[in-house]
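Before any comments, here is the structure.
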Amino acid sequence: MNTFIIDNFINDVHFSKEFYEYIQKGELKTSFNNIASPGKPIDGFTSSLSQNNFHIPFIYDLYKKVNELHEQHFQGTNSQVARWHLNLHPTGYDGHHHTDYDTEDLPTYLYMSTVNWNPQWGGEFLVYDENSEIKEAYSYRTDRLIVFNGRFLHRGVAALRVSNLLRTTVAFQCKLYDKEKTTND
């Protein structure tokens, strides 16, 4: 599976601004933890809401678009978009290397939600090979969706300078399902 990018994914300045303000106001409850890599040092904030509940303002709108994209590009893979999480990285809190899936070649959808981001601030998204060498690097851009193979090590990088900048992303992850059963959980 090759990584691909969709810039202007939502393509609605008001949506992006309102979503970021929603996050800034604390409407999406967050906690300081490391949901992606338990046992490793804490690297940022993540949502403390249920990752399986898509009926949350703004999350539902993103989910609908991501799900449409998943059905277009991954039809016949016996997979479905199954969970989401919000990542908040203040300056100085780079994400840790982690994978979203152990063995499956399934897509992860990473939506970059901080408004008016300047690429000079950093915030890159990095994907690594089997030897932990960077094989792909993507600039952080507002309203960008990166679709990548979640089996590969990856991480987000916080803003470069000491400031009040907050790098936010929403990740949507998939799971395999059995056509004979509802899911394979």
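Just so it is clear, none of the values below were taken in a lab; they were calculated from the coordinates. This one's a predicted model, so the numbers in the text were calculated from it and none came from an experiment. Because the Cβ atoms are built from the backbone with ideal geometry, glycine has one as well, and the counts that use them run over all protein chains shown.
Kirkwood's formula applied to the C-alpha pairs of segment 62-185 gives a hydrodynamic radius of 15.3 angstrom. With 28 Å as the limit, the listed pairs K17/K65; K64/K175; K17/K175; K17/K135; K25/K175 have K17/K175; K17/K135; K25/K175 beyond it between alpha carbons. Go ahead and collect, in residue order, the members of segment 82-111 whose backbone nitrogen is under 16 Å from a label point 7 Å along the Cα-Cβ direction of T3. Label zone hits: 95-101, 106-111. Among D7, D178, sorting on how many other beta-carbon atoms sit within 10 Å of each Cβ, with the fewest leading, yields D178, D7.
Computed 3J(HN,Hα) for segment 127-140, one whole-Hz value per residue from the Karplus formula 6.51 cos²θ - 1.76 cosθ + 1.60 where θ = phi - 60°, is 10, 10, 8, 5, 9, 6, 9, 5, 10, 9, 9, 10, 5, 6, glycine and proline marked x.
Neighbours of P57 by Cβ distance under 10 Å: Lys/Arg scored +1, Asp/Glu scored -1, total -3.
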